[in-house]
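Readers should treat all values here as calculations from the given coordinates under stated rules, not as data from a laboratory. Since the structure is predicted, the reported quantities are computational estimates derived from the model, not experimental observations. When we count neighbours, we look across all protein chains shown, and the Cβ atoms used for this are built from the backbone with ideal geometry, even at glycine.
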Amino acid sequence: MTTISTSYLDPESLAKLQGLELRARYIVEGFQSGRHRSSHRGQSVEFTEHREYTTGDDLRYVDWKVFGKTDKVYLKQFEAETNLVCYLLVDISESMLYQSDPKQLSKLEYAQCLAAAMAYVVLRQRDSVSLATFDDQLRELIRESANPASLHQLVHLMASAEANQKSDLGKVLHEASSRFQRPGVVVVISDFLGDVDALLLGLKHLRYQRHEVVLLQVLDPAETDFQFDSPTRFEGLEALPDVLVQPRAIRQAYLAALAEFLKRIEAGCRSLQADYFRVRTDEAMDRVLQQVLRK
């Protein structure tokens, strides 16, 4: 494929592109991943690389020489190992429609682009990907597949999703834990605007099922900076009422409450050994994707 200049990978430029699959291709071409050399690794043939130990892994494959040098536990990986399964969970609740700048992507569009790009990378490496959309429940679920043709199905599902319901992350994650039978990497893409305790209980369930968990919290710049000056009417989403406020009068209190909210999510993820990334819809997605895959 033709190399794409990274100047075309900012959200404003992506917003001008028509079609989620095209946007995903542009994002992926903006960086070089090279995460692992083979999608079929196992304990029967040639050693290729290491990966970090996670609870429940077979200790027979610990590289004790590396442990002696680094005091960190790594497992040897081999060419015939079963391929990776990546479960993508995309929030389509009404709050994801927020978009402070019409020239940029909404939170939902940004989340869809990230999910499509990640699916693109996973399938290109001949690993398996599954996709589910959710609000207050799992709405649609595409079972895991390593067939590159399944990208069209994933994109169509996201592009046709209707965002008009409340979210219930705790309930959704418990349901996902029971539906995702094979341990893999669960990537949850959402604004996570809800009950933090319920969210963390759901994440705990996923970790108990031996899934690796990655949270991508997508927020609009206006939500993180609150740069409003004149009296503003905020439209209620997810059945909440509209509110007319003087932004200058509440800005400090809002930012303090937001900081505490984000701190609780980040601390909870750290305690559960779940990876957490906070991204804004004005952030270049190739860099976000690169950070996640490197981790």
| note | Expected vector for the stretch 199-204, Karplus 3J(HN,Hα) from phi with 6.51, -1.76, 1.60 and θ = phi - 60°, integer Hz, x for Gly and Pro, equals 4, 5, 5, x, 5, 4
| said: Give me the one-decimal nm value for the distance between modelled label points at ASP101 and ALA159, 7 Å along each residue's Cα-to-Cβ direction. | reply: 2.6 nm
| task | Sequence neighbours fewer than 8 away in the same chain don't count; with that in mind, list the lysines whose C-alpha is under 26 Å from LYS204. | result | LYS72, LYS107, LYS166, LYS171, LYS263, LYS295
| said: For a quick check of your reading of the filter: which GluC sites (Glu not before Pro) in the stretch 143-177 sit in a DSSP loop and have no more than 10 other Cβ atoms within 10 Å? | reply: GLU162
| Given labels modelled 7 Å from the Cα in the Cβ direction, how far is it in nm from TYR208 to GLU52? | 2.3 nm
| query | Roughly what would the spin-label model give for ARG248 and ASP71, points 7 Å off Cα along C-beta, in nm? | reply | 5.4 nm
| said: Name the residue from ALA163, VAL213, PRO183 whose Cα lies farthest towards the positive end of the charge dipole of the stretch 145-266, charges +1 on Cβ of Lys and Arg and -1 on Cβ of Asp and Glu. | reply: PRO183
| request: Indicate, rounded to the nearest 5 percent, the antiparallel portion of the DSSP beta bridges found entirely in the stretch 94-235. | output: 45 percent
| query | Does anything in the stretch 259-286 have its amide N under 20 Å from the 7 Å Cα→Cβ label point of LEU240, and if so which residues? | reply | 259-266, 278-282
| said: Test of understanding: what is the full-extension gain from GLN227 to ARG270, defined as 0.36 nm times their sequence separation minus their Cα-Cα distance? | reply: 12.5 nm
| request: Quick one: which residues, 5+ away or cross-chain, put their amide H under 5 Å from the amide H of ASP168? H built at 1.01 Å from N. | output: ASP136, GLN137
| task | Please pull out the direction-averaged projected area of the stretch 73-215, using the convex hull of its alpha-carbon atoms, in nm² to one decimal place. | result | 9.6 nm²
| remark: Ranked from fewest to most other Cβ atoms within 10 Å of their own Cβ, PHE277, PHE134 fall in the order PHE277, PHE134
| How would you rank PHE192, PHE261, going from fewest to most other Cβ atoms within 10 Å of each one's own Cβ? | PHE261, PHE192
| remark: The residues GLU109, GLU266, sorted from fewest to most surrounding Cβ atoms within 10 Å, come out as GLU266, GLU109
